[in-house]
Amino acid sequence: MKVVYFAWVRERIGKAEETVEPPAEVRTVGDLIGWLAGRGETYAYAFETPRVIRAAIDHAHVPPETMIAGAREIAFFPPMTGG
Amino acid sequence: MKVVYFAWVRERIGKAEETVEPPAEVRTVGDLIGWLAGRGETYAYAFETPRVIRAAIDHAHVPPETMIAGAREIAFFPPMTGG
Amino acid sequence: MTIPVTIRLQEADFDTAREVAAMSAGRTDVGAVVSFSGVCRGGADGDAIDALTLEHYPGMAEAEISRHVEEALTRWPLFGVTVIHRYGRIVPGENIVLVVTASSHRQAAFEAAEFLMDYLKTRAPFWKREESAAGTNWVDAAAHDDAAAARWTKS
Amino acid sequence: MTIPVTIRLQEADFDTAREVAAMSAGRTDVGAVVSFSGVCRGGADGDAIDALTLEHYPGMAEAEISRHVEEALTRWPLFGVTVIHRYGRIVPGENIVLVVTASSHRQAAFEAAEFLMDYLKTRAPFWKREESAAGTNWVDAAAHDDAAAARWTKS
């Protein structure tokens, strides 16, 4: 499963993308955030306030309760500040 | 007292401006409309529906109850359609 | 700081693009520029028009527009306002009116431009006459324009 | 009739004036053109910024903007929509974003432009980082932008 990071999530983790293999009990976007946060200090820092983290599956915004099964690309990023 | 007309008010009356000397009992803009309407067929036609006529005194919109004493220029015209 | 205000009534067409560009050229305090161009439409098949003629009340038109620009400047934090309104004969595809507003915030720039357009439509002394195959006739004031202008009245 | 829609994400600056002019050039059905330009501000004395860097999510940014343009087309009777959003390093005075909408009526053109800007601010995957004498920092999302976007939610 490909995971991509943007803005300060990317900076804190120190990489823009990676492929991860979470265990079967990681079923939702929220589960994945929790699992990623346990992967080390940089991840814990990036995901220290889960409620501000936004997620997208295959280029569409999704809420944390969304199932990740079948996702090709999951993105995590801070609130958007475009425009 | 200078009176000016615009758009179809002007066309119906057949002139763009004139100087009039209404009698002393003509005190308000509404009075003046009534008095002008009595000056002939073209005026009667121009002012046949007084509620749609808009007025300005010295370049500022005024309601019909406004006193005309001291006015330099009084304008009558239909509802505006600029922009 | 003096806020740049441009108000022009003119018979000649104008260049919307140039006016918009002028609003923010060389400035770094302007975060948001909104422009509105009103363009003469040709009309639908059934009532195609050949031209509009705009009559205006010289002197009062300038005064009314200035008053509304002044009011916009007191209501919103603006860095600049441009209002250009044409008079005379205008053919389909040509410009009629332009409002450009600049502010540090988009909401202020949008609201000020809408406010100015609503007032130009209902209070500025201009009258449109349409020319078509059927002859010429004065355009009626639209009730929805009055309703749009009424939203800005302070209660 | 196909409604002309232009969506561009680009690193290079763009010419607001040219995009606005292109919207109504040679057309006689467009009565109202609204443009919004978002320009990089230099900031106030205390927190002058040297530049912004805009990061974006390629692929998703295009998809999000397209979805919102499609929604605008279903909500308002539009004759054309242009959305241009830059990414990369942008210095004060340069453009960041442009929205141009055309309609036969001014209210539709204004509302569609505001709708698109509100959504670009809150939903399009772009992130601004400011460079100043104090270093660099990511710009926080503004609560008033979320409130502005919420007004368009169908109830």
Computed ³J(HN,Hα) along region B:23-30: with the Karplus parameters 6.51/-1.76/1.60, θ = phi - 60°, integer Hz and x for glycine or proline, the list is x, 4, 6, 7, 10, 10, 4, x
If you rotate chain D onto chain C, the residue of D with its Cβ nearest that axis, and the gap in whole angstrom, comes out as D:ALA17, 2
Here the correct list, in nm and shortest first, of distances from C:GLU70 to the same site in the other copies, label points 7 Å along Cα→Cβ, is 5.1
Computed over chain B, the relative contact order (Cα-Cα under 8 Å, seq sep at least six) in percent reads 38
The relative contact order of chain D, taking Cα pairs under 8 Å that sit 6 or more residues apart, comes to a percentage of 32
Counting sequence-distant residues (5 or more places) and residues on other chains, those with an amide H built under 5 Å from that of C:VAL139 are C:LYS128, C:ARG129, C:GLU130
Chain B to chain A by rotation: the residue of B with the beta carbon nearest the axis and the rounded distance in Å are B:GLY83, 14
Interchain or sequence-distant (5+) residues whose placed amide H lies within less than 5 Å of the amide H of D:ARG89 are D:LEU54
Given backbone amide H placed at 1.01 Å from N, residues whose amide H is under 5 Å from that of D:GLY80, ignoring those fewer than 5 places away on the same chain, are D:ALA102
Partner shielding of C:104-110, taken as the mean number of other chain Cβ atoms within 10 Å, equals 5
By the C-alpha gyration tensor axes a ≥ b ≥ c (rounded if a/c is under 1.5, else prolate when a/b exceeds b/c, else oblate), the shape of region D:78-154 is oblate
Row for region B:2-70, column shape: gyration tensor on C-alpha, a ≥ b ≥ c, rounded if a/c < 1.5 i.e. under 1.5, prolate if a/b over b/c, else oblate; value rounded
Checking D:PRO92, D:PRO58, D:PRO77 against a Gaussian network model of chain D (alpha-carbon springs below 10 Å), the top fluctuating residue turns out to be D:PRO58
Once phi for every residue in region C:93-109 is put through the Karplus expression 6.51 cos²θ - 1.76 cosθ + 1.60 (θ = phi - 60°), the whole-Hz ³J(HN,Hα) values, with Gly and Pro written as x, are x, 7, 6, 10, 8, 9, 10, 10, 10, 10, 8, 7, 10, 5, 4, 5, 5
Taking a ≥ b ≥ c as the square roots of the Cα gyration tensor eigenvalues, with a/c under 1.5 meaning rounded and otherwise prolate when a/b beats b/c or oblate if not, chain C comes out prolate
Shielding of C:114-127 by other chains, given as the mean Cβ count within 10 Å, works out to 5
Copies of D:VAL5 compared via label points 7 Å along Cα→Cβ give distances in nm, shortest first, of 4.1
Sorted shortest first, the nm distances from the C:ALA133 label point (7 Å along Cα→Cβ) to its counterparts in the other copies are 7.0
In the protein assembly as shown, lysine pairs 8 or more places apart or on different chains with C-alpha atoms under 24 Å apart total 6
HN-Hα couplings for region C:123-136 via Karplus (6.51, -1.76, 1.60; θ = phi - 60°), in whole Hz with x for Gly/Pro, come out as 10, 6, x, 10, 9, 9, 10, 9, 10, 8, 4, 7, x, 10
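Bear in mind that the values in this text are calculations on the coordinates, not laboratory data. Bear in mind the structure is a predicted one, so any value in this text is a computation, not a measurement. Backbone-built Cβ (ideal geometry, glycine too); neighbour counts: all protein chains shown.
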